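Worksheet for the structure shown next.
The values are calculated or read from the model by the stated rules, or taken from the named source; none is laboratory data. In this text, all values refer to a predicted model and were calculated from it rather than measured experimentally. Note that we place each Cβ from the backbone using ideal geometry, even for glycine, and neighbour counts take in every protein chain shown. The area values use the complete protein model at the heavy-atom level, side chains included, leaving out ligands, DNA and RNA. Shrake-Rupley method; radii C 1.70, N 1.55, O 1.52, S 1.80 Å.
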Amino acid sequence: MAAKLTQGFWAKMARLILRNRVLILLLIAAITVFLALQWDKMRFSNSQANLLPDDHPVNVEYQAFLKKFGEEGNTIVLAVKDSNFYSPDNFNRWNKLSKQLAAFPEVELVLSTDNLQELVRDSTTNEFKLVPLLTSKPTTRDQVNTGVDHLFDDLPFYDNLIYNKKDRVIRTVVYLDEDIVNTSVRKDFILEDFSNLISDFQADTGLQVHVSGMPYIRTLNSQNIIDEIGKFILAALGVTSLIFFFFFRSFRATLISMFIVIIGVMWAFGILGLLQYEITVLTALIPPLIIVIGIPNCIFLINKYQQEVKKHGNQALSLQRVISKVGNATLMTNMTTACGFATFIITDSKLLKEFGIVASINIIGIFILSLLIIPIVYSFMALPKTKHLKHLNKRWIDTFVNRMEHIVRNKRITVYITAISLLVVSIIGMYQINISGSPIEDMPKNAQFFKDIRFFEKEFDGIMPVEIVVDTEHPKGVLKLSNLKKMDAFGQIIDDVPELSKPISVVNLVKYSKQAFYNGIPKYYQLPTSQEFNFIMDVARKSKGNGDLMKNFVDSTGQTARITTYMKDVKTDRMEQIQERLQENIDKIFPADRYNVYMTGSAFIFLKGTKYLVKNLIMSLALAIGLIALFMVYLFRSFRMVVISLIPNLLPLVITAGVMGFAGVPIKPSTILVFSIAFGISVDDTIHFLAKYRQELIANKWRIQKSVYAALRETGVSMFYTSIVLFFGFSVFTISSFGGTVALGALVSATLLCAMLSNLILLPSLLLSLERSIANKEVLKEPQIDILPQEESGAELGE
């Protein structure tokens, strides 16, 4: 009954579409114009992706830190490693660059040799004061060396902050205005003004400037994403159009399909603007995804039209059957694909939720566009010529399908042994998969800014900030000597970790004050004794501007201090070991009943976010499997058929996970998407095959073998066509400079190819082996929805 109602619905839908062709085209044009007008609302992401929900305890601590101390990731660092740097001309040009940077309103402060201050004690007033390191421009190399040697030998406060004594590297630290760090103003400043100044300096001196810091890295990384969107779209259009033309040998069919997916891309950008979602590394993938997923729809619909024309030559009847017979099949397959993406909506990650919403909406959108535009456009055109129908009889396709049938007919035991062997090996590989929590792992390795990250890791021990917040739970408790000693002891622990830089905190400033108290003698750069502490604090209280020095390290109440260090890019397990070691010492040095101490910073936030994401995405994958299993139950009303349909689609996922383990590809935000996406797409082939198999069972009076081989011959071609398009379509992501995007494209492509073979070989083998269990009408009742109408053949879908 339900099947008949469904057939009646699609027959009415066909009449409605073909009787209102002009109106529908005008409506599509109006929607397209409306969505195109939303493009100006598209925003590119200016902030670092936060994978944790807002109410997660780690995120709450991080936001509390930002509120108390301001933005942590607002520094850009510049350095030169070259002996020619110390010539008077180049050294003075470096100082001029610092002045030029400081003149911009986007810059809050520049710390450089040009304006470096030395803390001294004025013996006449008994006050601390800051005096310039350089009182005049050096004119000779000796003068430069004298000033630099004084910095290296006598001012340990600036060690690893401004200089690396071992390699004689000096750097400039640029502090951006916190209000612009997460806005487009930062991007414009870095890509235009800042980059131009660096280029001018390099041109004037011939020296290479290494630039890094989170604002700079994020800006150039985001720009790479923007640059790649166009590259992906063109590549996806090029690859899919070539494959489409190869299959159909028709410019007309190819251009119609390209027209549809281009409108789909326009809709995708429009929906991003309409919902005011930011374009991130994930949402940037949606336009090319729409192209890749939209082309198989066009293949099914155009193939059906050409097959009908070849059969009876009646254009009106052919167009009507395109909608009434293939419409429901493509709807069901697009629904399962959309489900694979829609499961991301249940995650608490804003990044994934937005990706899931936009992707699933656009997948249904491209289905609607295909179903409406193809019949309407063809209705205005002449019938296809004979040469355009020749592809329906390609012998090499028949050879491929015959080979699949031969394997199923004669080598089922080999198929099972191979499947079980792959399963066992893949499970072993799965246990070797690691989780990656590095925020820079996916960045383009050949980009100069990535090479500069490695430079600063080597010379200054890292660029990813790690913050330790120490709340003494008493106003002005930070400046108690006992608390300073505890922070100094913890600082020694940090210094002993090779992947962390020397810590910077109020302790450094107090040590510097003691050195200044003893007339700048370097050996006194240490915490004062109790008696010295009282004298030094008395001098500090009299001094002007002392509060400005303190505000970077201590909050306004004097109750909470920050200890800042920087971490190298390390593997996740090592990062966790470092975190555990630090936490053990925090618990030991700062008793929980007297102090509130916690670790935060973007490095740990990303690590926690990745692990949280993995847990959520495993749930979303399970939900996708569950939803599609329910969908199968609804279609076939048979538990055995659900099991049979899931096995060929789960095996490729396990194989992919095993390959990831053996190949050393870690689980990270980009690669974890592979499984839900691939499962949602690959199950489409299963639906087509089982739907045709059910029809053949009824037509052949429940003879299993005959039905299986007929279904295989008649749906194998369309499965091959669409799988090849999807394989090469997803392969375009491998041209990306982002490691994660490359892995996503390669893994999804490989998974879909494996799923095609699994559905063509393993699925029919299972049906034949379990024929006694399923060959009864109670198990395979009439489905609730008739996916492929009774008289339709798989040949019409793609043969």
Check: C-alpha center the stretch 236-297 vs C-alpha center the stretch 587-647, spacing in Å is 30 Å
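May I ask you to derive the FRET efficiency for residue 131 and residue 622 from their Cβ-Cβ distance with R0 = 60 Å, giving the value to the nearest 0.05?
0.40
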Provide the per residue accessible area, probe 1.4 Å, for the stretch 80-164, rounded to a whole number of square angstrom. 48 Å²
Where the accessible area of the chain is counted over protein heavy atoms with a 1.4 Å probe, how much of it, in %, is carbon and sulfur? 58 percent
The stretch 208-318, accessible area per residue, ligands and nucleic acids excluded (1.4 Å, Å²): 30 Å²
For labels at residue 523 and residue 146 in the simple 7 Å Cα→Cβ model, what's the distance in nm? 2.5 nm
Top positive-direction residue, dipole computed over the stretch 179-311 with Cβ charges, set 268, 196, 300: 300
Please state the shape class of the stretch 67-126: rounded when a/c is under 1.5, otherwise prolate if a/b exceeds b/c and oblate if not, all from the C-alpha gyration tensor. oblate
With +1 assigned to the C-beta of every Lys and Arg and -1 to the C-beta of every Asp and Glu, and no other charges, what is the dipole magnitude of the stretch 266-384 about the Cα centre in debye, to the nearest 20? 500 debye
Residue 403 and residue 89 label points (each 7 Å along its Cα→Cβ direction) are spaced in nm at 6.8 nm
Reduced Cα scattering model of the stretch 660-734, Debye log10 I(q)/I(0), q = 0.14, 0.17, 0.23, 0.27 Å⁻¹: -0.61, -0.76, -1.01, -1.19
Along the charge dipole of the chain, pointing to its positive end and built from +1/-1 on Cβ of Lys, Arg, Asp and Glu, which listed residue (246, 224, 564) has its Cα farthest out? 246
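For the chain, what class follows from the C-alpha gyration tensor (a ≥ b ≥ c being the square roots of its eigenvalues): rounded when a/c is under 1.5, otherwise prolate if a/b is larger than b/c, else oblate? Write down the numbers at each step before the final one.
On the way: a/c = 2.97, a/b = 2.31, b/c = 1.29.
Verdict is prolate for the chain.
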Pairs from 568/615; 165/476; 166/231 whose Cα-Cα separation, in the structure shown, is over 32 Å: 165/476; 166/231
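How big is the charge dipole of the chain about its Cα centre, in debye rounded to the nearest 20, if each Lys and Arg gets +1 on its Cβ and each Asp and Glu gets -1 on its Cβ?
3740 debye
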Using a Förster distance of 60 Å, the FRET efficiency for residue 165-residue 36 (Cβ separation, nearest 0.05): 0.55
FRET efficiency for residue 15 and residue 735 from the Cβ-Cβ distance with R0 = 41 Å, rounded to 0.05, comes out at 0.40
Sorted largest first, the Cα spans of the stretch 641-774 on the principal axes come out in Å as 55, 25, 18
Could you list, in their original order, any pairs among 486/608; 68/511; 350/611 whose Cα atoms are separated by more than 18 Å? 486/608; 68/511
What angle do you read, to the nearest 10 degrees and between 0 and 90, between the alpha-carbon axis of helix 739-757 and the longest principal axis of the chain? 20 degrees
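Where does the chain land at 222 nm, in deg cm²/dmol rounded to the nearest 500, when only DSSP H runs of n ≥ 4 count, each adding -39500 (n - 2.57), divided by all residues? All intermediate terms of the calculation are to be shown ahead of the outcome.
Values: 29 runs with 493 residues, N = 799.
Computed ellipticity for the chain at 222 nm equals -20500 deg cm²/dmol.
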If the convex hull is drawn through the Cα atoms of the stretch 127-213, its volume per residue in Å³: 157 Å³
Enter the angle in degrees (range 0 to 90, nearest 10) between the Cα long axis of helix 572-589 and the first principal axis of the Cα atoms of the chain, meaning the one along which they spread out most. 40 degrees
So what's the angle, to the nearest 10 degrees on a 0 to 90 scale, between helix 481-496 and the longest Cα principal axis of the chain? 50 degrees
Taking the solvent-accessible surface of protein heavy atoms with a 1.4 Å probe, what is the per residue accessible area of the stretch 601-695 in Å²? 28 Å²
Projecting each Cα onto the charge dipole of the chain (Lys/Arg +1, Asp/Glu -1 at the beta carbon, about the Cα centre), which of 150, 614, 444 comes out farthest on the positive side? 614
Answer in debye to the nearest 20: the dipole magnitude of the stretch 475-522 about its Cα centre, from +1 Lys/Arg and -1 Asp/Glu charges placed on Cβ, is 340 debye
Looking only at aspartates and glutamates whose Cα falls under 14 Å of residue 445's and that sit 8 or more positions away or on another chain, we get 569
